[in-house]
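These notes concern the structure reproduced below.
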Protein chains: 2
Amino acid sequence: MLHLPLVHFGFGSAAVLRHVLADVGVRQPLFITDAGVRGSGGLDYVLKAFGDSRVPIFDAVGEPPTFAAVDAAAGTYRAARCDGIVAVGGGSVIDTAKMASVLASQGGSTADYAGAAERITKPAAPLVVLPSTSGSGSEVSPSTGIHPAAGEPGVRTRAPRLMPVATICDPELTLTMPPRLTASAGLDALTHCIEGYLSPAGNPVVDSIALGGITRIAAHLERAVADGADRQAREAMMLGALEGGISIGKGLGPAHALATVFSHWPVAHGTLAALSLPPSLDLMERHVPGRMAAVAQALGLPAGQSANGFRSLLERLHERCGIPLTLRAAGCTDGDPAALARAAEASAVNLTSPYRPSIQEYEDMVSRIIG
Amino acid sequence: MLHLPLVHFGFGSAAVLRHVLADVGVRQPLFITDAGVRGSGGLDYVLKAFGDSRVPIFDAVGEPPTFAAVDAAAGTYRAARCDGIVAVGGGSVIDTAKMASVLASQGGSTADYAGAAERITKPAAPLVVLPSTSGSGSEVSPSTGIHPAAGEPGVRTRAPRLMPVATICDPELTLTMPPRLTASAGLDALTHCIEGYLSPAGNPVVDSIALGGITRIAAHLERAVADGADRQAREAMMLGALEGGISIGKGLGPAHALATVFSHWPVAHGTLAALSLPPSLDLMERHVPGRMAAVAQALGLPAGQSANGFRSLLERLHERCGIPLTLRAAGCTDGDPAALARAAEASAVNLTSPYRPSIQEYEDMVSRIIG
């Protein structure tokens, strides 16, 4: 019903990394990151707080994360005789580290485990994560999504053993996120909170957290986009992303079904989810008005206005940092709405949605999202 | 900032015990319980769900839990060559099992560790708890309180390694709680949510959970007292207790300082905390009206009326099941208000209170609580 890693939170909290690793018995951690986090100084910041920069590092995680990168990370782990993993990065880095932690303890290659959670039979190598973006929620979820190759759809795996043992949320690491990444990641977190809250699974503790996350993100996302150095806004967004990551434990809904079928287009996942949300909310306002009233209240909007309010938010973010308002505006026009609708309707996330759209409703939504 | 065990929740969830133990590698668990839970059939219910009744059992936990009982439980653990512990019971059983899990892995006796968290240097034996009351919140907290002997004040110990690895909240186990225990335990949980929420420590995720708990308990406590077989109310109270246990991670306040100094009197801890709350809330309504407005809203009361509303709740519970309205009514009259006030003012929980009462204010509160 509820499973969280040990969470440390706050500016400067990276300083507890050494202590956290000692507590779980890790002496030789492999640091997994990517070139962006290395270039921005994020990895240096963590290593300085850790007090040791002569550590094994794997930084060849790409976007999206691939089977090959996970296999290579596990190879580095073995070569350096590591006994635990520290992930410093966004969702792709964390997802890579999660699957690498399975390979590290159980052997084999990514292809053996991706989408086959039942094959994960041993405890994974201890994993501590320090997110550098505020969006994916992967820092508090037992899920990972890895792509067989860069151009192919991701394969999701969800298993209790993929949960990090500890998460250190230091908003300092997010200060260098550019506005458009801040917006797309923040929208991802907001969709997690909203779809998680709407999911009818009986988990009222998570419902409270999800509503808190919606309120927090609605109040701080535009501030964080407008001024990346706004430390209060960065802290709130990091917390909102954490709340979003907890919320998706309840389930997701149509916006994520749609984001997934559009995932072969080169648009950030958060933006895809955000573009998919307004038409989905239109349906929800008709079919589950009670739960939607709570969402509207948390968003600071009148009841029945969540979908419109979300569209207005997207328009303001479009003005501010170029978040696209349609997929066509992002250059994506080659979709077959009927085929995409069928794929969305077949998604497992519909099982946790409070209303299951028909194929026709999905096709209407697809057409509106493409624009 | 946030650390929870794996939580399973719901009627029938005891059935996952076998799976949860296997997942953490426990093959020979020691079951710790007390005579009450054994007599009510609660232990049998768990063993039946577990699928094996030929297990080592230690059932000599008293009220309050003592050093001697913990030491004896650890002796049984060693004699039966156990490799993990399952606690089935209320706060006293769970607290006993927590300290026994330390002795089981590190050796020594309770006196070596009680109040000396820094001496807990090894991971404790894996502990899975199944609460049989809805009150203490010990099932999701890293604290334990053990008494050197039955007539002596408890010694609190708080350490990350005292956290259970998993908590299975099966409301079926609470159906046999008599009305007065339901009331005192439920009031304990309510004070945890209220004082945790009021504590100014910056943990908004827990704030959301605490407000959820206040709302839930306010809506279901009297129903659970009136009809112990009301499964919906039992489920809500068990969830509220869990939320209270999470809330106290933020800190407590004057009501718990007062409950502690009264703890040598033979009145349930939850009742002591509940009697201490109205005068404390009077102070809070003057000094932190903003936070108290949120508490009042969650209680379903007008702003500024939390203390009065709480008194009314106590009066109704007095009518229904004999919860005392003053300590004098419970036969406790031998206190020295000035000495009790000094002891309360010296309590560490004042450090996490949004307003620190003076000794004079504490003395006024003590006099009102004694009545």
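In this entry, residue B:82 is excluded by the filter for residues that are in contact with a Phe, Trp or Tyr (Cβ under 6 Å, 6 or more places away or on another chain) and either in the same structural domain as residue B:238 (by TED's automatic domain parsing) or buried (at least 19 other Cβ atoms within 10 Å of the Cβ) (or both).
Yes/no per residue for (1) within 21 Å of residue B:195 (Cα to Cα); (2) not small (Gly, Ala, Ser):
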residue: B:312; (1), (2): yes, no
residue: B:329; (1), (2): no, no
residue: B:332; (1), (2): no, yes
residue: B:342; (1), (2): yes, yes
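Looking at A:80, A:114, can you tell me which residue is modelled with pLDDT of 95 or more, away from chain B (no Cβ under 14 Å) and closer than 30 Å to residue A:200 by Cβ? Just one listed residue meets the conditions, A:114.
What's the total number of residues in segment A:350-364 that are part of a helix (DSSP H, G or I) and in contact with a Gly (Cβ under 7 Å, 6 or more places away or on another chain)? Don't jump to the end; show me each part of the working.
Pass one, segment A:350-364, residues part of a helix (DSSP H, G or I): A:350-352, A:359-364.
Among the residues that remain, those that are also in contact with a Gly (Cβ under 7 Å, 6 or more places away or on another chain) are: A:352.
Within segment A:350-364, residues that are part of a helix (DSSP H, G or I) and in contact with a Gly (Cβ under 7 Å, 6 or more places away or on another chain) number 1.
Residues that are without any contact (Cβ under 8 Å) to a residue 24 or more places away in the chain, farther than 21 Å from residue A:169 by Cβ and in the same structural domain as residue A:150 (by TED's automatic domain parsing) do not occur anywhere in segment A:10-28.
What residue, of B:295, B:288, is within 22 Å of the chain's Cα centre (by Cα) and either more than 27 Å from residue B:202 (Cα to Cα) or surrounded by 14 or more Cβ atoms within 10 Å (Cβ to Cβ) (or both)?
Criteria check complete, one pass: B:295.
Restricting attention to segment A:94-102, does a residue exist that is crowded, with 20+ Cβ neighbours inside 10 Å, more than 28 Å from residue A:153 (Cα to Cα) and modelled with pLDDT of 95 or more? Before the answer, list the steps.
Of segment A:94-102, the ones crowded, with 20+ Cβ neighbours inside 10 Å are A:94-102.
Now narrow it down to the ones that are more than 28 Å from residue A:153 (Cα to Cα): none.
Scanning segment A:94-102 turns up no residue that is crowded, with 20+ Cβ neighbours inside 10 Å, more than 28 Å from residue A:153 (Cα to Cα) and modelled with pLDDT of 95 or more.
Residues in segment B:194-209 that are without any contact (Cβ under 8 Å) to a residue 40 or more places away in the chain and in contact with a Ser or Thr (Cβ under 7 Å, 6 or more places away or on another chain) were compared, and the one that is nearest to the other protein chains (Cβ to nearest Cβ) is B:208.
Restrict the check to segment B:338-347 and report whether at least one residue is assigned to a loop (DSSP other than H, G, I, E, B) and under 24 Å from the mean Cα position of the chain (by Cα). Write out each step before concluding.
Kept after step one, since they are assigned to a loop (DSSP other than H, G, I, E, B), are these residues of segment B:338-347: B:346-347.
From the residues that got through so far, the ones that are under 24 Å from the mean Cα position of the chain (by Cα) too are B:346-347.
Yes.
Could you tell me whether any residue of segment A:145-164 is in contact (Cβ under 8 Å) with a residue 60 or more places away in the chain, among the polar types (S, T, N, Q) and either over 14 Å from residue A:228 (Cβ atoms) or not in a loop (DSSP other than H, G, I, E, B) (or both)? No, segment A:145-164 has no match at all. The residue pairs whose first member lies in segment A:298-309 and is surrounded by fewer than 18 Cβ atoms within 10 Å (Cβ to Cβ), whose second member is charged (D, E, K, R), and whose beta carbons are closer than 6 Å, counting only pairs six or more residues apart or on different chains, are A:304/A:285.
Among the residues of segment A:39-58, the ones that are farther than 18 Å from residue A:168 by Cβ and surrounded by 13 or more Cβ atoms within 10 Å (Cβ to Cβ) come to 2 in all.
Taken over segment A:334-354, the residue count meeting the criterion of being in contact (Cβ under 8 Å) with a residue 24 or more places away in the chain and in contact with a helix residue (DSSP H, G or I) (Cβ under 7 Å, 6 or more places away or on another chain) is 13. Out of A:223, A:161, A:180, A:156, one residue alone is within 12 Å of chain B (Cβ to nearest Cβ) and of a type in the set (D, E, K, R). It is A:161.
Take the residues in segment A:45-97 that are among the basic types (Lys, Arg) and assigned to a helix (DSSP H, G or I); name whichever of them is farthest from the chain's Cα centre (by Cα).
Filtering first and then ranking leaves A:78.
Among the residues of segment B:198-217, those that are crowded, with 20+ Cβ neighbours inside 10 Å and of a type in the set (A, V, I, L, M, F, W, C) comprise B:198, B:205, B:206, B:209, B:210, B:211, B:214, B:217. Taking the criterion of being hydroxyl-bearing (Ser, Thr, Tyr) and away from chain B (no Cβ under 14 Å), the only residue of segment A:1-36 that qualifies is A:33. Within segment B:219-230, does at least one residue satisfy the condition of being farther than 14 Å from residue B:196 by Cβ, surrounded by fewer than 24 Cβ atoms within 10 Å (Cβ to Cβ) and among the β-branched types (Val, Ile, Thr)? Looking for residues that are farther than 14 Å from residue B:196 by Cβ, surrounded by fewer than 24 Cβ atoms within 10 Å (Cβ to Cβ) and among the β-branched types (Val, Ile, Thr), one finds none in segment B:219-230, hence no. Which of the residues spanning segment A:326-352 are crowded, with 17+ Cβ neighbours inside 10 Å and closer than 28 Å to residue A:222 by Cα? Answer for segment A:326-352, where residues must be crowded, with 17+ Cβ neighbours inside 10 Å and closer than 28 Å to residue A:222 by Cα: A:327, A:330, A:332. Tallying residues that are under 19 Å from residue A:5 (Cα atoms) and over 16 Å from the mean Cα position of the chain (by Cα) within segment B:160-176 yields 4.
Evaluating residue B:107 against the criteria (1) surrounded by fewer than 17 Cβ atoms within 10 Å (Cβ to Cβ); (2) closer than 18 Å to residue B:37 by Cα; (3) free of Cβ contacts under 8 Å to residues at least 60 places away in the same chain leaves one unmet condition, (2).
Remark: pairs (first residue in segment B:167-185, buried (at least 24 other Cβ atoms within 10 Å of the Cβ); second residue of a type in the set (Phe, Trp, Tyr) and part of a helix (DSSP H, G or I); Cβ separation under 8 Å; 6+ apart in sequence or on different chains) = B:173/B:45.
Restricting attention to segment A:124-143, does a residue exist that is assigned to a helix (DSSP H, G or I) and exposed (fewer than 15 other Cβ atoms within 10 Å of the Cβ)? No; the residues of segment A:124-143 include none that is assigned to a helix (DSSP H, G or I) and exposed (fewer than 15 other Cβ atoms within 10 Å of the Cβ).
So that you can scan it fast, the table gives a plain yes or no per residue for (1) touching a Pro at 6+ places or on another chain (Cβ under 6 Å); (2) more than 23 Å from residue A:147 (Cα to Cα); (3) part of a helix (DSSP H, G or I); (4) of a type in the set (S, T, N, Q):
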position	(1), (2), (3), (4)
A:272	no, no, yes, no
A:298	no, yes, yes, no
A:302	no, yes, no, no
A:369	no, yes, yes, no
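When restricted to residues that are over 14 Å from the mean Cα position of the chain (by Cα) and either without any contact (Cβ under 8 Å) to a residue 40 or more places away in the chain or within 29 Å of residue B:170 (Cα to Cα) (or both), segment B:236-254 contains 2.
The values are calculated or read from the model by the stated rules, or taken from the named source; none is laboratory data. None of the values given here were measured: they were computed from a predicted structure. All Cβ positions, even for glycine, are placed from backbone atoms using ideal geometry, and neighbour counts span all protein chains on display.
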